[in-house]
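To start, the structure under review is shown below, and the notes come after it.
The values are calculated or read from the model by the stated rules, or taken from the named source; none is laboratory data. What you see is a predicted model, and the numbers here were worked out from it, not measured in a lab. Ideal geometry is used to build each Cβ from the backbone, glycine not excepted, and the neighbour counts take in all protein chains shown. Side chains are part of the model used for accessible areas, which takes the heavy atoms of the whole protein and leaves out ligands, DNA and RNA. Shrake-Rupley method; radii C 1.70, N 1.55, O 1.52, S 1.80 Å.
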Amino acid sequence: MNRKEILISALRHQDSAYVPYAINMTGEGCDKYGEQLLKDYPNEQVMEDYRRGILDKMQAVQLAIGNHILYINAPWWDWYNLTDEFLKEEDTPGRLPDTIGRGSYEQFFEKTRYLRETYDAYLLVTIWGSHWEKAYFSRGIENFLADLAGDPEWSQQLLDMIIRKNLVMLENILCCNDYEGVLLGSDWGTQRDLIMSPKCWKTMIQPGEQQEYDLIKRYGKDVFIHSCGNIVKIMEELTQMGVDALNPVQPECMDLSELKRLYGDKIAFYGGISTQRTLPNGTPEQVARETEQTIKLMSVHGGYITAPSQEIQVDVPYENLRALIDTARAHSIH
């Protein structure tokens, strides 16, 4: 089995001798540790493509350390020329914000084709801040939380607009056959609970999300969801909506054993190793032990991708990062 096949077997909840992993860093983390990782995990093909500018540093590190997932950026859209009417005034604006598209489809298709022909990793298009987050980026989180309660009609118009834009952008890239999945990101949770009521999420967020998932599935691709925090109250809905994998699965917020028991046969979990406690504050031995325990718990009958519960930041000692990588590598092909 190659790396893509191992990853797909985990998503399909198939027993395997190998557990896939995808250990990623923030931009600052990559700046701090990326070059050293490229030296410690040498790969001639990766370094050649990095020198030629085909791979950025983040992608080069992902491939060098043996990640089973390679992140790809795609053309997308953003808010344009936001004024004080949106960002500073508490009352909802009298109009919807302006938008602008970014990126080149030609470059996206060309690079994705090269990556598929050259590497055996599972290729995942990452769309961070795709819906709920996109909405509050236009207003600020405090204002938009107030908008949901004080002016739900305007808030729904904004959310619907975002989904309309997303569907167009998604359809423009989903016809590419050289990658396997799409990650949509929206942080619905706080450390303790949903950031909004379950009723609000089901009424205002779920319908738009379902349209996106259905479109992605129609093109035969997997649906990855990123949401920080405690989202236990909508886990059942996510499994019914067709989500294939949930990231980052924070053990500080949700009980991993309960997640596996209740939903482990319905959804794959991608994350789970503490970036709040063990990785920044523990010893390499403690990191290795927690990684082993998490793999043993979460990978029964597949359905698990070894990863930290957030991207690695600069507060994680390099020795701890190495312990995480090496323990994950010991359980899989790299």
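Shown here is the pair-distance distribution of segment 81-220: with all Cα-Cα distances grouped in 5 Å bins from zero up to the longest one, the shares run 2, 8, 18, 19, 17, 13, 10, 7, 4, 1, 0 percent.
Using DSSP to call loops (not H, G, I, E or B), can you name the GluC sites (Glu not before Pro) in segment 35-133 whose Cβ has at most 14 other Cβ atoms within 10 angstrom? In loop regions of segment 35-133 (DSSP not H, G, I, E or B), the sparsely surrounded GluC sites (Glu not before Pro) are GLU89, GLU90. Per-residue extension of 0.36 nm, minus the Cα-Cα distance of GLN36 and TYR105, leaves a gain of 21.6 nm for this segment. Normalised by 2.2 N^0.38 Å, where N is the number of residues, the C-alpha radius of gyration of segment 161-247 stands at 1.09.
At a probe radius of 1.4 angstrom, the accessible area of the chain per residue rounds to 43 square angstrom. Using the Stokes-Einstein relation with a Kirkwood hydrodynamic radius computed over Cα pairs, the translational diffusion coefficient of the chain at 25 °C and a viscosity of 0.890 mPa s comes to 119 µm²/s. Sites count as exposed loop sites when they are trypsin sites (Lys or Arg not before Pro), lie in a DSSP loop, and have at most 16 other Cβ atoms within 10 angstrom; the longest stretch of the chain without one is 96-191. Under a model in which nothing but the beta-carbon of Lys, Arg (+1) and Asp, Glu (-1) is charged, segment 98-196 shows a dipole of about 140 debye around its Cα centre. For the chain, the fraction of 1.4 Å probe accessible surface lying on carbon and sulfur atoms is 47 percent. Each 5 Å bin from zero up to the one holding the largest Cα-Cα distance in segment 233-334 carries the following percent of pairs: 2, 13, 25, 24, 17, 11, 6, 1, 0. Our coupling estimate for segment 187-200, obtained by passing each phi through the Karplus curve with A = 6.51, B = -1.76, C = 1.60 and θ = phi - 60°, is 7, 8, x, 9, 4, 10, 6, 4, 7, 9, 6, x, 4, 4 Hz, Gly and Pro reported as x. Residues whose amide H comes within less than 5 Å of that of LEU55, counting only those at least five positions distant or on another chain, are TYR50 (H built at 1.01 Å from N in the peptide plane).
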